[in-house]
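The values are calculated or read from the model by the stated rules, or taken from the named source; none is laboratory data. Remember, it's a predicted structure, so these values are computed and weren't measured experimentally. Here the Cβ is made from the backbone with ideal geometry for all residues, glycine too, and neighbour counts use every protein chain on show. For accessibility, only protein heavy atoms count, side chains too; no ligands or nucleic acids. Shrake-Rupley method; radii C 1.70, N 1.55, O 1.52, S 1.80 Å.
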Amino acid sequence: MDYHYTMQVCMNGHVTEERMEERTCEVDYCEECGAKAICECPTCGTPIKGEERFDGIVAIGFEAEPPKYCYKCGDPFPWTKASLEALEELAQLDDLLDENDVKDLSVSAKEIMSETPKTKVAAIKFKKILSRAGSETATAARELFVDIVAETAKRTIWPS
Ligand SMILES: [Zn+2]
Ligand SMILES: [Zn+2]
């Protein structure tokens, strides 16, 4: 039986509840940032998939991360969208980047979020555009994305 708890996440991507029964979800506010928390996809209403549940066993001690995209409709969740929009705004403010750069950066930012055959290429593109950007944009992009991009992308863009 494939059976998951529902996860409640604030609009900025903080997990507020990891293990909710599907039908007990109500609106709460995030303790960390005060934003409204949701437990279903705003586009299609599918509950946000939380931890897998096993009969009689409770897994303790690992920190849940919010999903980036809805598994039912494929739309980015609000916190994913917020990071992408923030990056686009930053890029638009950067005098060193032209319109095409901004567009390419946004497209590749979407592609580095998850592990796909295109992740690596997108990561190289992302890195290349950022190298032409101002240092403020590059720093901010790192802060916004380093924890949420796919592992392959992280290793390519910010090898440590
Ligand atoms: Zn929050
Ligand atoms: Zn959805």
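Of all residues in the stretch 6-25, those satisfying the criterion of being part of a strand (DSSP E or B) and at pLDDT 85 or above are T6, M7, Q8, V9, C10, V15, T16, E17.
Across the stretch 100-111, the number of residues qualifying as open to solvent by less than 70 Å² (accessible area, probe 1.4 Å) and without any contact (Cβ under 8 Å) to a residue 24 or more places away in the chain comes to 4.
Scanning the stretch 6-29 for residues that are touching a helix residue (DSSP H, G or I) at 6+ places or on another chain (Cβ under 9 Å) and open to solvent by 40 Å² or more (accessible area, probe 1.4 Å) returns M11, N12, H14. Looking at E32, is it outside any helix (DSSP H, G or I) and either at pLDDT below 95 or open to solvent by 70 Å² or more (accessible area, probe 1.4 Å) (or both)? For E32, the condition - outside any helix (DSSP H, G or I) and either at pLDDT below 95 or open to solvent by 70 Å² or more (accessible area, probe 1.4 Å) (or both) - is met. Of all residues in the stretch 112-160, those that are open to solvent by less than 70 Å² (accessible area, probe 1.4 Å) and either part of a helix (DSSP H, G or I) or touching a strand residue (DSSP E or B) at 6+ places or on another chain (Cβ under 6 Å) (or both) total 17. A82 meets all of the listed conditions (1) among the aliphatic types (A, V, I, L, M); (2) over 28 Å from T137 (Cβ atoms); (3) touching a residue at least 12 places away in the same chain (Cβ under 8 Å) but one, namely (2). Taking the criterion of being over 11 Å from L144 (Cα atoms), open to solvent by 60 Å² or more (accessible area, probe 1.4 Å) and either in contact with a strand residue (DSSP E or B) (Cβ under 6 Å, 6 or more places away or on another chain) or at pLDDT 90 or above (or both), the residues of the stretch 65-85 that qualify are Y69, Y71, K72, K81.
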